[in-house]
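Here is the structure we will look at.
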Amino acid sequence: MIEFEHVVKNFGEKEVLKDTSFSIQNGEIFTFIGPSGSGKTTILRLIDMLERPTSGAISIDGINVSTLKDRDRITIRRKMSMVFQKPSPLRGSVFDNVAIGLVFRNIGRDEIQARVPEALELVGLKGYEERKAGTLSGGEMQRVAIARAISTKPDILLLDEPTANLDPASTEKIENLISALKKRFEITVVLSTHDMVQGQRLADRIAVIIDGRIGQIGTSKEIFYHPMNRAVANMVGIENIFEGVVAKNEGGLASIEVNGISIVATTPLPAGTPVVLYMRPEDITFHVKDGVKSSARNEFTGTITKVLPMGPNARLKVNAGIKLTAVITQRSYEELDLALGKDIGLAFKASAIHVVEKTA
Ligand code: ADP
Ligand code: MG
């Protein structure tokens, strides 16, 4: 288990990590999601003991490593392997590049001869030993870096933005590899990404980190559908955020006044409570105006004020008294004969709205 208790990290005057506490269980994939500069790499370097905290305590398997002597630090560091975001330019053969971590650990020659091909096979690069590392693609290079890390049989694998700068096919390979490694060896995987969708695909739990502070820790479902505050919601792509007041609540089905409009949502909060509402853009559905009624509790008519094509989807801004952002497939967009400036019926379920009490 990896534990941070009130960890602070300063670089010079700058407080880069602010009062950070979390614990990562053995055998889980734990992901830090945050924008660039939020402190992800700093956290991974602290776990890997490449940095010491300015204050607070870090413990690994119950041992407080922040105060350890150098000799004892090495023993614990050897349980871990880190793959850096920008692996240093590779020289020599693929074999040499994988072997280097083992050489550092004084592993014997025979053992190295056995472990390198084993690690390469695991990452899908069987038979690549003699290739010049400099001739590999970005995705292959990243897999060599992972092979180097796993050849040392770590208990904890640290991956700093393992798929940044990779094409979608290589990204998928790396993601599958990470899941497979976790399942096969029951290792703890700690990774960072600025890609929220990757976090959702891979992680058992996610910590959203914003400006050196953890905004929320939870499963992807908790984070993506029940954000605790606006900063987390923004980070995970929730684009519909409204403030309102609960007007009435009948057995958990509440009417909430937002900008003169009534929205039905499920919440136990009583009438009079100021609230913030969150809704994902993909939870809004469209239908022809005056068309068939849907089963959704919330039905409105709105005007399309902006259309932004996004691959197979389109992102729409719609003014329905409140300004909504929605995502619709290009196919539905055409079938419904939508266009900029057109009026359209739209609906969303009461359960699609996440209601949070507004704090001052
Ligand atoms: P991320 O990995 O999320 O992009 P980092 O952890 O690399 O963020 O950096 C967080 C902040 O700390 C940034 O503002 C960065 O400039 C600063 N920082 C990181 N390492 C150092 C360092 N060695 N010296 C000074 N500032 C640093
Ligand atoms: Mg980084």
- Message: Need a quick list: strands (runs of 3 or more DSSP E) entirely within segment 258-358 having at least 2 residues that are polar (S, T, N, Q).
- Response: 261-266, 298-310, 313-319, 323-329
- Note on the structure: Restricted to segment 135-188 and to residues being within 18 Å of the chain's Cα centre (by Cα) and assigned to a strand (DSSP E or B), the residue farthest from LYS79 (Cα to Cα) is ASP160
- Of residues in segment 227-258 being over 24 Å from ALA320 (Cβ atoms) and touching a strand residue (DSSP E or B) at 6+ places or on another chain (Cβ under 7 Å), the one modelled with the lowest pLDDT: MET235
- Kindly indicate whether any position in segment 225-240 is among the hydrophobic types (A, V, I, L, M, F, W, C) and touching a helix residue (DSSP H, G or I) at 6+ places or on another chain (Cβ under 6 Å). yes
- Query: Which residue out of VAL197, VAL236 is surrounded by 15 or more Cβ atoms within 10 Å (Cβ to Cβ) and either under 15 Å from the mean Cα position of the chain (by Cα) or within 16 Å of ligand 2 (Cβ to nearest atom) (or both)?
  - Reply: VAL236
- Can you name the residue in segment 283-311 that is under 27 Å from the mean Cα position of the chain (by Cα) and modelled with pLDDT under 90 and is also nearest to LEU340 (Cα to Cα) among such residues? MET310
- When GLY127 is run through (1) in contact with a Pro (Cβ under 9 Å, 6 or more places away or on another chain); (2) part of a strand (DSSP E or B); (3) surrounded by fewer than 17 Cβ atoms within 10 Å (Cβ to Cβ), the failure sits at (2)
- Could you list, in sequence order, the residues of segment 11-66 that are within 8 Å of ligand 1 (Cβ to nearest atom), basic (Lys, Arg) and more than 15 Å from the chain's Cα centre (by Cα)? LYS14, ARG45
- Query: Hey, among GLY341, GLY311, GLY345, which residue is touching a strand residue (DSSP E or B) at 6+ places or on another chain (Cβ under 9 Å), surrounded by fewer than 17 Cβ atoms within 10 Å (Cβ to Cβ) and either within 20 Å of ASN234 (Cβ to Cβ) or not basic (Lys, Arg) (or both)?
  - Reply: GLY341
- Task: Name the residue, out of ARG131, ARG148, that is more than 30 Å from ASP61 (Cβ to Cβ) and among the charged types (D, E, K, R).
- Result: ARG131
- Considering only helices (runs of 4 or more DSSP H) wholly within segment 1-106, the ones with at least 2 residues that are more than 16 Å from ligand 2 (Cβ to nearest atom) are 70-77, 94-104
- Note on the structure: Going through segment 175-202 in order, the residues found to be within 26 Å of ARG280 (Cβ to Cβ), among the small types (Gly, Ala, Ser) and more than 16 Å from ligand 1 (Cβ to nearest atom) are SER179
- Message: Can you go through VAL103, VAL116 and tell me which one is modelled with pLDDT of 90 or more and surrounded by 18 or more Cβ atoms within 10 Å (Cβ to Cβ)?
- Response: VAL116
- Message: Suppose we filter segment 189-217 for residues that are touching a Ser or Thr at 6+ places or on another chain (Cβ under 8 Å) and not in a strand (DSSP E or B); how many remain?
- Response: 10
- Query: Can you name every residue in segment 186-216 that is hydrophobic (A, V, I, L, M, F, W, C) and in contact with a helix residue (DSSP H, G or I) (Cβ under 8 Å, 6 or more places away or on another chain)?
  - Reply: ILE187, VAL189, VAL190, LEU191, MET196, LEU202, ALA203, ILE206, VAL208, ILE209, ILE210
- Task: For segment 148-162, indicate whether the set of residues that are touching a helix residue (DSSP H, G or I) at 6+ places or on another chain (Cβ under 7 Å) and acidic (Asp, Glu) is non-empty.
- Result: yes
- Message: Contact list please: Cβ distance under 7 Å, first residue in segment 73-97 and within 18 Å of ALA133 (Cβ to Cβ), second residue modelled with pLDDT under 85 and more than 16 Å from ligand 1 (Cβ to nearest atom), pairs at least six apart or on different chains.
- Response: ASN97/LEU90
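The values are calculated or read from the model by the stated rules, or taken from the named source; none is laboratory data. No experiment lies behind these values; they were computed from the predicted model shown. Ideal geometry is used to build each Cβ from the backbone, glycine not excepted, and the neighbour counts take in all protein chains shown.
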